[in-house]
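The block underneath contains the structure these notes are about, expressed in C-alpha cells.
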Amino acid sequence: MFISIDAGNTNITIGFHDSNIREWIHEFRIESKGSLTLLSLERAMHLFFLENDLKVDSVSFVGVSSVVPELNELLDQFCNEFLGKPCYFINGNSYQKLNVSTSRPNEIGTDLMCNVTAAYERYKQANIIVDFGTALTFTVVDNEGKVVGVNIVPGLKTAVKSLFSNTSKLPEVPLIVPKAAIGTNTVESIQAGILYGYSGLVRGMLETISQELDAPVKVIATGGLSTILSNLEDSFDDVDRNLTLEGIRLITLANINSQL
C-alpha cells in the first residue's frame with residue numbers, strides 16, 4: 001500500500017493507494033493549522049486505521065508534498081514513528097526523472113507539480129489544471145509537459161472567510177450553490193455572489209488561457225472543493241479529487257526506483 005501525504009495551508013490530506021487494484025481506497029483529512037501535534041496526528045491516524053481495518057505493516061512507500069515547511073519535521077517523525085517507514089519529500093530536484101518540467105522548480109509549489117505529473121501522465125498533451133484549494137489555481141502545461149505558467153486567485157473558502165471576517169453584519173455561509181443567481185436574503189446573496197461569481201471567473205479564465213495557448217487542451221479539476229460548482233461540469237474534461245495524491249505517488253516511485 002502506498003501512502004501519499006499532501007500538506008497544505010488548510011488541511012493535511014493522507015491518501016491510501018492499493019497497488020493490487022490500482023485504486024485510491026481511503027482518504028483522511030485533518031486541519032494543518034491550530035493545535036496539530038505529533039501526538040494528536042498519531043491518535044487520529046490510529047483510530048482511522050482501526051476503523052478501516054488498515055495495517056501499518058502493509059505500507060510499502062510514503063511520499064510527501066508539503067507547501068508548509070513548518071510541518072515537515074512533524075510529518076517526518078510521524079512517518080518514521082507511526083508508519084515505520086521513511087518518507088520521500090518532493091522537492092525541486094524531484095522532476096528530473098519525469099516527462100514534465102518547469103523553469104522554476106524551486107518556486108512552483110510541489111502540490112501543483114504533482115497535479116501536472118498526474119495530468120500529463122494521463123493525457124500526454126497540453127492541459128489546464130484547476131485546483132480548488134485554499135487558493136484557486138490554474139496550472140497551464142504545454143504538449144511537451146512543460147509548465148507554461150500558473151494563475152492564482154483566492155479560493156472559495158478564503159473568499160467567504162475574508163468577507164465574513166472583514167464585515168460586522170455578514171455571516172459565514174455554507175458553500176452551497178443557490179437556486180438562483182439573484183439572492184433574496186443575506187445568506188443566498190453571499191452564496192450567489194461567491195459561487196456564481198467564481199463560476200464566471202473560472203469560465204472566463206479557461207477561455208482566455210485556451211485562446212492564448214491556441215492548441216487543443218484537456219481541462220482537469222481537482223481539490224477538495226472541485227465538485228461544489230456543479231454548474232461548471234461542462235467546462236471540465238475530468239474531475240479528479242485524487243489528482244495531487246496520484247502525482248505524489250508517481251513522483252515518489254520514479255525517484256525511489258531510480259535509486260534502487
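Leaving ligands, DNA and RNA out of it, report the carbon-plus-sulfur percent of the accessible area of the chain at a 1.4 Å probe. Heavy-atom surface of the chain belonging to carbon and sulfur, 1.4 Å probe: 50 percent.
Here region 1-27 and region 102-162 have alpha carbon centers that stand 19 Å from each other. Put simply, when 64-75, 44-55 are sorted by average Cβ atoms within 10 angstrom per residue, most first, you get 64-75, 44-55.
Extension gain, R22 to L163, is 46.6 nm, computed as 0.36 nm per intervening residue step minus the present C-alpha separation. Dividing the summed -39500 (n - 2.57) terms of all DSSP H runs of n ≥ 4 by the residue count of the chain sets its mean residue ellipticity at 222 nm at -10000 deg cm²/dmol.
In this structure the chain gives 50 Å² per residue of accessible area when probed at 1.4 Å with all protein chains present.
All other residues whose Cβ lies under 11 angstrom from that of T137 are scored, Lys and Arg at +1 and Asp and Glu at -1, for a net of -2.
Among the listed pairs K33/K161; K146/K218; K33/K55; K157/K218, which have their C-alpha atoms separated by more than 19 angstrom in this model? Those over the limit are K33/K55; K157/K218.
Can you give the log10 of the normalised intensity I(q)/I(0) at q = 0.11, 0.16 Å⁻¹, computed with Debye over equal Cα scatterers of the chain? So the normalised log intensities work out to -0.65, -1.23. Basic side chains Lys and Arg get +1 at the Cβ, acidic Asp and Glu get -1 at the Cβ, and with that the dipole of region 13-75 about its Cα centre reaches some 80 debye. Rounded to the nearest 20 debye, the dipole magnitude of the chain is 260 debye, with +1 charges on Lys and Arg beta carbons, -1 on Asp and Glu beta carbons, and the Cα centre as origin.
Helix screen, the chain: DSSP H segments with Cα axial length of 18 Å or more and mean Kyte-Doolittle hydropathy at least -0.5 are 38-51, 110-123, 197-213, 243-259.
The values are calculated or read from the model by the stated rules, or taken from the named source; none is laboratory data. The structure presented is a predicted model; accordingly, all values stated were derived computationally and were not measured. Every residue, glycine among them, receives a Cβ derived from its backbone with ideal geometry; neighbour counts consider all protein chains shown. Keep in mind that these areas ignore ligands, DNA and RNA; they rest on the heavy atoms of the full protein, side chains included. Shrake-Rupley method; radii C 1.70, N 1.55, O 1.52, S 1.80 Å.
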